[in-house]
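Report on the structure given below.
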Amino acid sequence: MMPVATMMLDDTPMFDPNILHELDWSENTTTFSPAISPLDPGDGLVLRPLCTADLNRGFFKVLGQLTETGVASPEQFIKTFEHMKRSGDYYVTVVEDTNLGQIVATATLVIEHKFTHSCAKRGRIEDVVVSGECRGKQLGKLLTSTLTLLSKRLNCYKITLECLPKNVNFYKKFGYSVSEENYMFQRFFN
């Protein structure tokens, strides 16, 4: 393997983009008006896997609209990207505005392997964010619908996500329900 410092940013996807295009969109439970889909997310938009070149296309700028991203060097970004890609359990998906050459939305599906449920898999949606200037174009809905269908295609026995109480009704549109379980955490640093 090449040392991280000598690796170049490129358009190699984190995962096979065909898996997004092969989803059975007829199983989608959410309505879109106007109609959009993974294959047709809107004029000048492309829904696809993250690639390392997205570091220079504003990926962290969009992610920073959701949470603190900190400072990551290109080497750190590539190292984390390669780790996620090798694991095969991360589906970081982006929407690129090809007219601007910028990432305008992103969401992640993480697959967790379990010993329970006959050694099943659980999907978890994380880091759903749409850039401020692109909100209202249904991109959050598109990403959530796409990753929900992807988790089903990957044979997850369930999919979960965490959200603020003000966002519960948004996620109910996709068939999610509020769990009786409490979400608890310990934070070790920002």
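The calculated FRET efficiency for the pair residue 113 and residue 178, based on their C-beta separation and a Förster distance of 35 Å, comes to about 0.85.
In terms of overall dimensions, region 66-190 has a Cα radius of gyration and Dmax of 15.7, 47 angstrom.
Each of residue 160 and residue 86 was given a label point 7 Å from its Cα along the Cα-to-Cβ line. The distance between the two points is 2.8 nm.
A 1.4 Å probe over all protein chains sorts 97, 16, 54 by accessible area into 16, 97, 54, starting with the largest. Computed over protein heavy atoms with a 1.4 Å probe, the accessible surface of the chain works out to 60 Å² per residue. Approximating the spin labels as points 7 Å out from Cα along Cα→Cβ, the residue 73-to-residue 16 distance works out to 3.5 nm.
What separates the Cα centres of region 130-177 and region 61-109 is a distance of 17 Å. This model, with +1 at the C-beta of Lys and Arg and -1 at the C-beta of Asp and Glu, gives the chain a dipole about its Cα centre of some 520 debye. Once the Cβ-Cβ distance of residue 26 and residue 188 is raised to the sixth power relative to R0 = 45 Å, the FRET efficiency obtained is 0.55. Counting lysine pairs in the chain whose alpha carbons fall under 21 angstrom apart, excluding pairs fewer than 8 residues apart on the same chain, gives 22.
Ordering 31, 84, 101 by Cα displacement along the dipole of the chain toward the positive end leaves 31 in first place; charges were set at the Cβ atoms of Lys, Arg (+1) and Asp, Glu (-1).
The values are calculated or read from the model by the stated rules, or taken from the named source; none is laboratory data. Keep in mind it's a predicted model, so treat the numbers as computed, not measured. Reconstructed Cβ throughout: ideal geometry from the backbone, glycine too, with neighbour counts over all protein chains shown. Accessible surface is based on the protein model in full, side chains and every heavy atom, while ligands, DNA and RNA are left aside. Shrake-Rupley method; radii C 1.70, N 1.55, O 1.52, S 1.80 Å.
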